[in-house]
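In what follows, a structure is listed as structure tokens, so that the remarks can point back to it.
All of the numbers you see were taken from the coordinates with simple rules; none came from a lab. A quick note: this is a predicted structure, and the numbers were derived from the prediction, not measured. Please note: Cβ atoms are built from the backbone with ideal geometry, for glycine as well, and neighbour counts cover all protein chains shown.
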Amino acid sequence: MPLETKLLPPKRIQFERMLTLDGEWIRSQVLRFFSEDAPHGDLTTESFVPPEDVASADIIAGETSVFAGTEVLRHCFFDLKEVNLLVEDGDTVEVGTILATLHGSARDILTRERVVLNLLQRLCGIATNVKQYIDIPAPEGFIILDTRKTTPGLRKLEKYAVAVGGAYNHRMDLSSAILIKDNHIVAAGGLKNAEAFARSTHPDVPVELEIDSIDQIEDAQEIELDGFLLDNMNPKEVEACVNLIRSFPSGESIFIEASGGINLETFPEYVWTGIDAVSIGALTTSARNIDLRLDLK
């Protein structure tokens, strides 16, 4: 007879991966970036490249990496005659791989080159960094989450790159979810008040509590929280907290994540502690830009 499988209730907090971006929004952003880089035109290019000149170019990988940027690249050169994407988001590319070919205004290609490469190098760097975590063995259903530790102005793009790399997106911004922290508890006059205020003002939004000691779980047993973020705890402390939370009457449906200082070296120690996820700021803060280049032909 087959072994009986224990069916666990779905978690009260769910996360998704943002793999698409609004085209009009991307275009508005890249136009702003281009304006920042050439507020009064590209003096070098305009000195000797006639406006009617047409050119072709290749964007080439300078190192092995995970590609992220199809959602961006097509909007960086929206007005060229041809933009051919030769790889897809999430593809592992080797040194020398041609990622895309361009054909159109030589002025536009040369003027936009640095900004486009800067964006792609950053996004590919994040996706490549994330993939290192994804490749580490973990329990079925376990997920890796990003954080709000992103570059101001690039948040959506960086979270998109995280998703391309295979991880999930935590709250997009402060308007997306409720996460009660120590200072919120102080401001509200206690945890019960903070949770009650949150439920009364946003009754349809799950409430998660950040804690840094097991003692705080005892205080939270009297209220119905949807999730716990275990902050800056070692794996043994995390496991003890998980066991206590799961012992609650509805503990199996509570979402539990660990966060705080988790990196590639320490990550494997956390994945088997019984938590549902880790949220890792290093996915974005520790990502190294990937070497890419644009060659005019």
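Against the chain, whose longest principal axis comes from its Cα atoms, helix 23-37 is set at around 60 degrees.
Toward the positive end of the charge dipole of the range 45-116, with +1 on the Cβ of Lys and Arg and -1 on the Cβ of Asp and Glu, the farthest Cα among Gly62, Val83, Val93 is that of Val83.
Qualifying GluC sites (Glu not before Pro) in the range 184-236, where qualification requires a DSSP coil assignment and no more than 10 other C-beta atoms within 10 Å, comprise Glu222. For Phe228, the residues whose modelled amide H falls within less than 5 Å of its own, excluding neighbours fewer than 5 places apart on the same chain, are Leu209, Phe255, Ile256, Glu257.
Taking the fewest neighbouring Cβ atoms within 10 Å as the starting point, the ordered list for Lys11, Lys159, Lys149, Lys81 is Lys81, Lys149, Lys11, Lys159.
Sites listed here are GluC sites (Glu not before Pro) in the range 71-159 whose DSSP assignment is loop and whose Cβ has at most 10 other Cβ atoms within 10 Å: Glu88, Glu94, Glu140.
Considering only Leu244, Thr273, Thr150, and ranking their Cα positions along the charge dipole of the range 136-285 that arises from unit charges at the beta-carbon of Lys, Arg, Asp and Glu, the one farthest toward the positive end is Thr150. Along the range 224-234 the Karplus relation, 6.51 cos²θ - 1.76 cosθ + 1.60 evaluated at θ = phi - 60°, assigns HN-Hα couplings of 9, 8, 8, x, 10, 10, 8, 9, 6, 10, 7 Hz to successive residues, with x for each Gly and Pro. Among Val186, Val87, Val271, the largest mean-square fluctuation in a Gaussian network model of the chain, built with springs joining Cα atoms closer than 10 Å, belongs to Val186.
Amide H contacts for Thr97 (H built 1.01 Å from N in the peptide plane; partners 5 or more residues away or on another chain; cut-off under 5 Å): Ala61.
Kindly express, to the nearest 10 degrees and within the range 0 to 90, the angle between helix 155-165's C-alpha long axis and the longest C-alpha principal axis of the chain. With both axes taken from Cα atoms, the answer is about 80 degrees. Computed from the coordinates I sent, volume of the Cα convex hull per residue in Å³ equals one of [x] 130; [y] 166; [z] 178. Tell me the label. Recomputing volume of the Cα convex hull per residue in Å³ here gives the entry labelled [y].
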